[in-house]
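In what follows, a single structure is set out as structure tokens and then discussed.
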Amino acid sequence: MSLSVHPADGPAAGEVRWVEDATGPLLVLTGRIDRETVRRFRLLVPPASWPARADLSAVTTLDVAGLELLVHLARKPARTGSRLELLDVPERLRPAIERAGLSQLLPRPAGS
């Protein structure tokens, strides 16, 4: 199954895709994750189906709404004693994620 929240305003616009890989459900975020992208995502993907993994490797910009989305995505697995797993977080996004108080979600560098 694959569910896409397609960008509405060009290639820089954000997209959130719900996909399934060998490990299970996964959100793949790309482009600019802003208020409009988050709004489209929340309209199309009910919270009950939000997976506990998100790939951020192709995110170019993560604004306040994007950070808020990560907070909400992290709350769901936390209720069951689990945690949101962020995959392939670009270095340029790490400071914003840390300032938002989400540093515990960041993957640890190998060997640490």
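Couple of notes before you dig in:
- Checking F41 against (1) touching a strand residue (DSSP E or B) at 6+ places or on another chain (Cβ under 7 Å); (2) modelled with pLDDT under 95; (3) within 20 Å of Q104 (Cα to Cα), the condition it does not meet: (3)
- Where a residue in the range 84-96 is at pLDDT 90 or above and its partner, wherever it lies, is hydroxyl-bearing (S, T, Y), with Cβ under 6 Å and at least six apart: D88/S57
- Residue list for the range 73-89, restricted to those being closer than 17 Å to G101 by Cα and in a loop (DSSP other than H, G, I, E, B): R83, L84, V89
- Residues located in the range 67-86, provided they are in contact with a Pro (Cβ under 7 Å, 6 or more places away or on another chain) and closer than 18 Å to F41 by Cβ: K76, L84, L86
The values are calculated or read from the model by the stated rules, or taken from the named source; none is laboratory data. In this text the structure is predicted, and so the values were computed from the model without any measurement. Methodologically, a virtual Cβ is constructed for each residue, glycine included, from the backbone with ideal geometry; neighbour enumeration extends over all protein chains shown.
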